[in-house]
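Chemist: Shown below is the structure under consideration.
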Amino acid sequence: NTAMRRYAEAVAYQEAPYTNTLEFMDYLETVTPDSLKYFVDDSFRKIVLYSSRTTDAIYKKLDNGKYEVTFQVEVEKFEADSLGKEINVPINDYIDIGIYREAEENQEFGTPIYLERVKITDKENTFTVIVDEEPYEAGIDPRYLLIDRFPDDNMEKVSEIE
C-alpha cells in the first residue's frame, strides 16, 4: 500500500510521456523486504505457475475436545517462457495452508478454522494442526491466491479416524 500510495502521488496528473509498470516496480521494490523479493519477480517479471494439491486429510477427536488434523500436500513450481514452454523450478515460497469448517446453506465455501502462511521448500509436505472445531476440509492455497494449473485439488475433505 505504501508503494502504491507513493507511486500514485508521484505520477498523478502526469503529462506525456506517461508512466509505466517499470517505474511502478521501482516503488514496489523499495518497500519489499528481502525475504519477499522473489514474490515480486514471480508476480511481475516471470510467468510462474504452481501445481498444488492435497493428497490426504484426516482428523481425530482428542480427549480434551479439540481436533488433531493431519494433511499431506504436494507442491511444484513452474516457470514458463514466452512460448509457453514450462520448466520445473525449485520451490522456496510462502504459501497458505488452511482448515475450514463446512459451508452453511447460503455459503459456497466454509469459513476458516485455521489459516497460516508457511514456507514450502519440498514437493511433499505433511502438516499436523490442533483446532478447536470439527474440520471439514484442509489443504494448500485454500483462497486460491496462486496461479495453479489445477486448482480443484487444493482442498480435500477431511476424514475422521479412530
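Chemist: Per the Kirkwood formula on distinct C-alpha pairs, the Rh of region 1-61 is how many angstrom?
Modeler: Values: mean 1/r = 0.0682 Å⁻¹.
Computed over Cα pairs of region 1-61, the Kirkwood hydrodynamic radius comes out at 14.7 Å.
Chemist: Next up: To the nearest 20 debye, what is the magnitude of the charge dipole of region 1-150 about its Cα centre, counting +1 on the Cβ of each Lys and Arg and -1 on the Cβ of each Asp and Glu? Write down the numbers at each step before the final one.
Modeler: Details: 17 positive and 31 negative charges, 60 e Å.
Rounded to the nearest 20 debye, it is 280 debye.
Chemist: Report the local net charge at N88: Lys and Arg +1, Asp and Glu -1, summed over other residues whose C-beta lies under 9 Å from its C-beta.
Modeler: -2
Chemist: Would you mind checking the tilt of helix 2-11 against the longest principal axis of the Cα atoms of the chain, expressed as 0 to 90 degrees and rounded to 10?
Modeler: Between the helix axis and the principal axis of the chain, the angle is about 20 degrees.
Chemist: Along the charge dipole of the chain, Cβ charges K/R +1 and D/E -1, which of Y27, P142, I95 sits furthest on the positive end?
Modeler: Working it through, the farthest residue towards the positive pole turns out to be Y27.
Chemist: If you don't mind, there's one more thing I want to ask. Would you calculate, for the chain, the mean residue ellipticity at 222 nm contributed by helices, counting each DSSP H stretch of 4 or more residues as -39,500 (n - 2.57) and dividing by all residues, to the nearest 500?
Modeler: -4000 deg cm²/dmol
Chemist: Remind me, relative contact order of the chain in percent, using alpha carbon pairs under 8 angstrom and six or more residues apart?
Modeler: Over the chain, the number comes to 25 percent.
Chemist: Then there's this: When the accessible area of the chain is split by element with a 1.4 Å probe, what percent falls to carbon and sulfur? Mind showing how you got there, number by number?
Modeler: Working: 5100 of 10650 Å².
Result for the chain: 48 percent of the exposed heavy-atom area is carbon or sulfur.
Chemist: Compute the accessible area per residue over the chain, keeping the other protein chains in place, probe 1.4 Å, unit Å².
Modeler: That works out to 66 Å² per residue.
Chemist: Which whole-number percent is the relative contact order of region 67-162 (Cα, under 8 Å, 6+ apart)?
Modeler: 33
Chemist: Using mean Cβ contacts within 10 Å as the protection proxy, how do 24-31, 11-18, 77-84, 132-139 order, highest first? Provide the component values of the computation, followed by the final result.
Modeler: Details: 24-31: 14.5, 11-18: 7.2, 77-84: 11.6, 132-139: 20.0.
Highest to lowest by the protection proxy: 132-139, 24-31, 77-84, 11-18.
Chemist: For the chain, find the longest principal axis of its Cα atoms and tell me its angle to the long axis of helix 21-31, 0 to 90°, nearest 10.
Modeler: Compared with the principal axis, the helix lies near 60 degrees.
Chemist: Listed highest first by mean packing, meaning other Cβ atoms within 10 Å per residue, what order do 99-109, 46-56 come in?
Modeler: Going by the mean number of other Cβ atoms within 10 Å, highest first, we get 46-56, 99-109.
Chemist: Another question, then. If region 69-125 were replaced by its equivalent ellipsoid, with semi-axes equal to the square roots of 5 times the Cα gyration tensor eigenvalues, what would those be, largest first, whole Å?
Modeler: Semi-axes, largest first: 30, 16, 9 Å.
Chemist: Here's a follow-up. Given the chain, report the % of alpha carbon pairs whose separation exceeds 23 Å.
Modeler: On the way: 6723 of 13041 pairs.
So the pairs more than 23 Å apart make up 52 percent of the total in the chain.
The values are calculated or read from the model by the stated rules, or taken from the named source; none is laboratory data. All values reported here derive from a predicted model rather than from experimental measurement. In this analysis, Cβ positions are derived from the backbone assuming ideal geometry, glycine residues included, and neighbour counts consider all displayed protein chains. Ligands, DNA and RNA are stripped out before the accessible areas are found, and what is left, the full protein with its side chains, is counted by its heavy atoms. Shrake-Rupley method; radii C 1.70, N 1.55, O 1.52, S 1.80 Å.
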